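Q: This is the structure I have questions about; it appears just below.
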Amino acid sequence: MLNLLIIYFLLAVGIFLLPKSIKLQKGVLIAVVHLAAFIWFASKIQFISAEKPIILFAHWIPELGLNIEFLLDGLSLAFALLVSGIGASVFLYAHSYMKSYDYTDKFFFFLFLFSGAMLGLVMSSNLIQLFIFWEFTTVLSFFLISFFHEKEVARKAAFQSLVITFFGGLGLLAGILLIGSVVDSYSLNDWIAGSEKIKESSLYLPGLLLILLGVFTKSAQFPFHFWLPEAMQAPAPVSAYLHSATMVKAGVFLLARLSPALGGTAEWTFIVPLFGVITMLIGSYFAITQTDLKIILAYTTINALGILVLLIGIDTRLSIKAAVLFLFIHAFYKASLFMVAGFIEKKTGTRDLNELGGLKKSFPITFGIALLALLSMAGLPPMLGFLGKELIYEAKVQSPGFGSLIFIFGVISNIFMFAVSMRLIFKVFLGKPKNSYNVSKIKNVMFVLGPGLLVLLSLIFGISPNFLGKWIIDPAMSVIYAEPVKAELKLWHGFNLVLFLSLATVAAGALLSYILIKKDWIEEKWRKINKIIFPVRFPEVFSYALEKFVAISVSKTKVMQHGYHRYYILTIILFTAALLWLQLYFTRGWHLETSITFQPFYISGLVLIIVLATLFTVLTRSRIAAIIAMGVTGYGLSLIFLYYSAVDLAITQILAETLMVVMFMLILQRLPVFARLSAKATKIRDLIVASIFGSAMTLVAIKAINVDFNNPISEYFMANSYDKAFGKNVVNVILVDFRALDTLGEVTVLVVAALGVSVLLNSKKPKT
Amino acid sequence: MEVVLAILVGILYTAGVYMLLRRSILKFIIGIIFMGNATNLLVFLSAGLIHGSPAFVDGTTTNSAQLADPLPQALVLTAIVIGLGMVVFILALKYKFFEVTGTDDLDQLKQTDSQK
């Protein structure tokens, strides 16, 4: 399994390296790879249906519970077959579809990577590993939706789906970590084994909700459903692959995967079906009045996803069986319908139902494919869809809890779905042609091969469903249900309540579609009424919220990052002063070990001179006076150093101060006079801030007097200065011997500064 | 005397911060120098003041505890030199800056590109 994934990822990168002549056929080549994978998976069917999953385990970071764990059992096999099988047909289709676009290398690269990530996802049995693949598909879907990135709507849609699914992804990760902490493992087996413990834990509900957040965003459940119709900006192969058959099913997959570990509780059987029912209803309801071909399909996909989530949530044997079956049914008809929609858009240049019509004559084969697929969607015999619908009805009738309600909504949603299917058949293919299209027929083989195969499968399995049931659905069911189950699938169930319901659905649906097709104005009215009843448009709310969020961030940033240098300094100083005062307050109550005295008087006098010079520097308006007064301060300090036994400091201070004053004087003539830039109030404010800081520093200095430096170091220097370094002046010895490397660093700084000064002063004035 | 010098440290810091908050770049540089001086004095002061006994030793010294602590002195000496290097560099930068922009006002420094 791991080898397969590695092959996938290597080949995906390899696309870029192909020679040009082969590159032209890359779609077909990738389809062949997928077909090979499909065959490989199919060859495992017999082995796995005997309840023998294939397991691959490797240590990664066992200390953290992170291991590489792959599992191929009934459930992952069912999904893997879908991913590789639909993948093959989609890549065949994409080969023709993408021919007219540039940068197809990139497209195929992303799509190929995606199918690899998807396979990795369905085969992962370590939850963290699964999460990594999960996010990988999210990122790739962003690139695929935004393939036409020169269109703003496409970028927006891609961004929207990215934000929503990432948001859910974070929830999923948090949920995995929460539940993982209960059983102290991220391995699926441990979760299932510790199922009872998890369900009793207080972390169960928050963990479940967070995981469901991930599931619902990925699988476009209400209230996150709106990203899916928006994502129809993607090229048709992407819609067919990601947004019908694979990625949006990842949430459903996870739900089924975790059902043995987390399912069956009161919370599960309430929350999951609830969102499923709502999603199912909205999907089918909004599909009816749309006019964009792909958006109609997107809404029907939402409907299907709702049904799947609902069925897994009901959690009876029958409902699981219906879910697995419906998974296949939907993948078959929806992927082909998306491909047909892409084909129609490509040939006619529009997806608008009002501009299409009578395409039966121009594209007879496509019509045949679409007809079969739509029949399956409507749930009519002899397609597999009929079987599914019957089973779903049965499951809903028998569902515990608020079953009758679910069941009524189910019928309503199916009536809508029937009407949608009929509306598509009549509006797009029958009726009067609105335009004439001349198409060469040979070129379209590739276009119809993919969807044709899928629809054919749907038909074959519809007539003889037992192969599908025995080899694929039973093993998958057994995994979800955690015990061996047998599902008997029949096309004909005999005369019973369910069949009666089906007939009623068809009758009501036919009536509804008849009205819609014949009377355009009703449809128009309906759309208007919808706008009034449902005034909230989710995508708009989303972008509005996002815009507000960004706007708030911008305004906050503007307050913080205003660009005024002195306010930055003001902020820094104020915070430092506040922290200092706080610390001084916490450590109050210390005593002073030294007496307050002005002795000796000449030092006190010196301090007075320094203070006056400092004040003069601050207050004077003359630059020369300011600099000289500043010099006085520096020289005064050197005298203090000298008096208190720091000869070297005094010398250095004098030299440095002299150099600084000279440098100031040198450039002074080139500089402007001090401008009066600040208002009086500003000056007072600055003075207050400076005083707060200065007084804190005075207290710090007084406190510091009582603190001893680490004497052993100094003692070592004192003791060894003469004997080992042969120097009498300890300060000098420290600088040039004990800490010579530090001094080397200091010299380096000076050299760099000197170089910088030299470059700055010698560079020519830029031309203005 | 320590307390008097501590107050001097506070005054130097006050002057330094006040000058840092001015818009004139020249004053800003003077502020940096004051801050540097104040910090040097603070470190020097914290080692304790000893009059007339610099850390000079020969082989016979026994009263090393009564000599001035050489370590803070070495630190401050390094700080003075580095401070000098920094101030000189900033001055040169300031000179260039004024030559190019013709302003001494820090508030004019908001844009990275010249506005023309």
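Read-outs: derived from the displayed coordinates by stated rules, not from any lab. Note that this is a predicted model, so its numbers are computed, not measured. A quick note on method: Cβ atoms are made from the backbone with ideal geometry, for glycine too, and the neighbour counts reach across all protein chains shown.
Q: In deg cm²/dmol and to the nearest 500, what is the mean residue ellipticity at 222 nm of chain A if only DSSP H runs of at least 4 residues count, each as -39500 (n - 2.57), divided by the residue total?
A: Details: 34 runs with 557 residues, N = 768.
Here the helix-only value at 222 nm equals -24000 deg cm²/dmol.
Q: So for the protein assembly as shown, considering every pair of alpha-carbon atoms, how many percent are separated by more than 42 Å? Mind dumping the intermediate values first?
A: On the way: 208510 of 390286 pairs.
Counting every Cα pair in the protein assembly as shown, those more than 42 Å apart make up 53 percent.
Q: Using the basic label-point model (7 angstrom from Cα toward the beta carbon), what is the A:Trp526 to A:Leu274 distance in nanometres?
A: Using points 7 Å along Cα→Cβ, the separation is 3.0 nm.
Q: Which order, highest average first, do A:231-239, A:329-337, A:749-757 follow once you tally other Cβ atoms within 10 Å for each residue and take the mean per peptide?
A: On the way: A:231-239: 26.1, A:329-337: 29.2, A:749-757: 15.0.
Most protected by this proxy first, the peptides run A:329-337, A:231-239, A:749-757.
Q: How large is the Kirkwood hydrodynamic radius of the range A:268-404, in angstrom, based on all distinct alpha carbon pairs? Working shown, then result.
A: Working: mean 1/r = 0.0637 Å⁻¹.
Roughly 15.7 Å, rounded to one decimal.
Q: A follow-up question, please. Return one number: the angle in degrees, 0 to 90 and rounded to the nearest 10, between the long axis of the Cα atoms of helix B:25-46 and the longest principal axis of the Cα atoms of chain B.
A: 20 degrees
Q: For the pair A:Leu10 and A:Leu612, what calculated FRET efficiency results from E = 1/(1 + (r/R0)^6), where r is the Cβ-Cβ distance and R0 = 60 Å, to the nearest 0.05?
A: Result of the calculation: an efficiency of 0.15.
Q: Stokes-Einstein D for chain B at 37 °C, 0.692 mPa s, Kirkwood Rh over Cα pairs, in µm²/s? Before the final figure, lay out each step's value.
A: Details: Rh = 16.9 Å.
For these conditions, the coefficient is 194 µm²/s.
Q: Counting each DSSP H run of 4 or more residues in chain B as -39500 (n - 2.57), what helix-only mean residue ellipticity at 222 nm follows after dividing by all residues, to the nearest 500 deg cm²/dmol?
A: Computed ellipticity for chain B at 222 nm equals -22000 deg cm²/dmol.
Q: Take every residue in peptide A:713-726, count the Cβ atoms of other chains within 10 Å of its Cβ, and give the average of those counts. Before the final figure, lay out the partial values.
A: On the way: counts 3, 12, 4, 1, 7, 9, 3, 1, 7, 6, 3, 0, 0, 1.
That works out to 4 on average.
Q: Can you pull the semi-axes for the range A:714-768, root of five times each eigenvalue of the Cα gyration tensor, sorted largest first, whole Å? Before the final figure, lay out each step's value.
A: Working: eigenvalues 336, 12, 9 Å².
After diagonalising the Cα gyration tensor, the semi-axes are 41, 8, 7 Å.
Q: May I pose another question? What's the longest piece of chain A with no exposed GluC sites (Glu not before Pro), counting a site as exposed if DSSP puts it in a loop and it has at most 13 other beta carbons within 10 Å?
A: Working: sites that count: A:Glu51, A:Glu150, A:Glu488, A:Glu593.
Longest gap between qualifying sites, sites excluded: A:151-487.
Q: Also, quick follow-up: Helix A:740-762 sits at what angle to the longest principal axis of chain A, using alpha carbons and giving 0 to 90 degrees rounded to 10?
A: 80 degrees
Q: For the residue pair A:Val163 and A:Ala625, what label-to-label distance in nm results when each label sits 7 Å from Cα along the Cα-to-beta-carbon direction?
A: Simple spin-label model gives 6.0 nm for this pair.
Q: Highest mean first, what order results for B:4-16, B:82-94 on Cβ atoms within 10 Å? List each step's numbers first, then the result.
A: Details: B:4-16: 24.2, B:82-94: 19.8.
Highest to lowest by the protection proxy: B:4-16, B:82-94.
Q: On to the next question. Given R₀ = 30 Å, what would the calculated FRET efficiency be for A:Glu51 paired with A:Asn466, taking r from the Cβ atoms and rounding to 0.05? Mind dumping the intermediate values first?
A: Details: r = 19 Å, r/R0 = 0.63.
After rounding to 0.05, the efficiency reads 0.95.
Q: Follow-up. Say the dipole of the range A:714-768 comes from +1 at the beta carbon of Lys and Arg and -1 at that of Asp and Glu; which of A:Leu761, A:Val747, A:Val731 then lies farthest toward its positive end?
A: So the residue furthest toward the plus end is A:Leu761.
Q: Report, as an integer, the average count of C-beta atoms from other chains found within 10 Å of each Cβ along A:602-611. Write out the running numbers ahead of the final one.
A: Numbers: counts 0, 5, 3, 0, 1, 6, 2, 0, 5, 5.
That average works out to 3.
Q: In addition: Given 4 °C and 1.567 mPa s, how large is the Stokes-Einstein diffusion coefficient of the range A:65-193 in µm²/s, with Rh as the Kirkwood radius over Cα pairs?
A: Approximately 80 µm²/s, per Stokes-Einstein.
Q: Next question, about the same structure. Between B:Ser53 and A:Gln599, what is the FRET efficiency for a Förster distance of 22 Å, r being their Cβ-Cβ separation, to the nearest 0.05? Numbers along the way, then the final one.
A: On the way: r = 17 Å, r/R0 = 0.79.
Efficiency, rounded to the nearest 0.05: 0.80.
Q: What spacing in nm lies between the two simple spin-label points modelled at A:Glu63 and A:Leu666, each 7 Å away from Cα in the Cβ direction?
A: 5.7 nm
Q: From other protein chains only, count the Cβ atoms within 10 Å of every residue's Cβ in A:637-644, then give the mean. Don't jump to the answer; show the numbers that get you there.
A: On the way: counts 8, 1, 0, 7, 7, 1, 4, 14.
Average neighbour count from other chains, rounded to a whole number: 5.
Q: Give me the distance between the Cα centres of the range A:44-122 and the range A:584-635, rounded to whole Å.
A: Between the Cα centres of the range A:44-122 and the range A:584-635 lies a distance of 76 Å.
Q: Once you keep just the Cα pairs under 8 angstrom separated by 6 or more residues, what percentage relative contact order results for the range A:182-318? Please report the intermediate quantities before stating the final value.
A: Numbers: 171 pairs, mean separation 37.1, N = 137.
In percent, rounded to a whole number, it is 27.
Q: Which of the chymotrypsin sites (Phe, Trp or Tyr not before Pro) found in the range A:592-641 are loop residues per DSSP with 16 or fewer other Cβ atoms within 10 Å of their Cβ? Numbers along the way, then the final one.
A: Working: sites: A:Phe598, A:Phe601, A:Tyr602, A:Phe616, A:Tyr635, A:Phe641; in loops: A:Phe598.
Passing both the DSSP loop test and the Cβ count: A:Phe598.
Q: Next question. With the contact rule set at Cα under 8 Å and sequence spacing of 6 or more, what percent relative contact order holds for chain A?
A: Details: 1007 pairs, mean separation 77.6, N = 768.
10 percent.
Q: Do any chymotrypsin sites (Phe, Trp or Tyr not before Pro) in the range A:73-172 lie in a DSSP loop with no more than 13 other beta carbon atoms within 10 Å, and if so, which? Before the final figure, lay out each step's value.
A: Details: sites: A:Phe79, A:Phe91, A:Tyr93, A:Tyr97, A:Tyr101, A:Tyr103, A:Phe107, A:Phe108, A:Phe109, A:Phe110, A:Phe112, A:Phe114, A:Phe131, A:Phe133, A:Trp134, A:Phe136, A:Phe142, A:Phe143, A:Phe147, A:Phe148, A:Phe159, A:Phe166, A:Phe167; in loops: A:Tyr101, A:Tyr103, A:Phe147, A:Phe148.
Here the sparse-neighbourhood loop sites are A:Tyr101, A:Tyr103.
Q: Please compute the Kirkwood hydrodynamic radius over the range A:565-713, one decimal place, Å, based on all pairs of different Cα atoms. Intermediate values should be presented prior to the final figure.
A: Values: mean 1/r = 0.0543 Å⁻¹.
The Cα-based Kirkwood calculation yields 18.4 Å.
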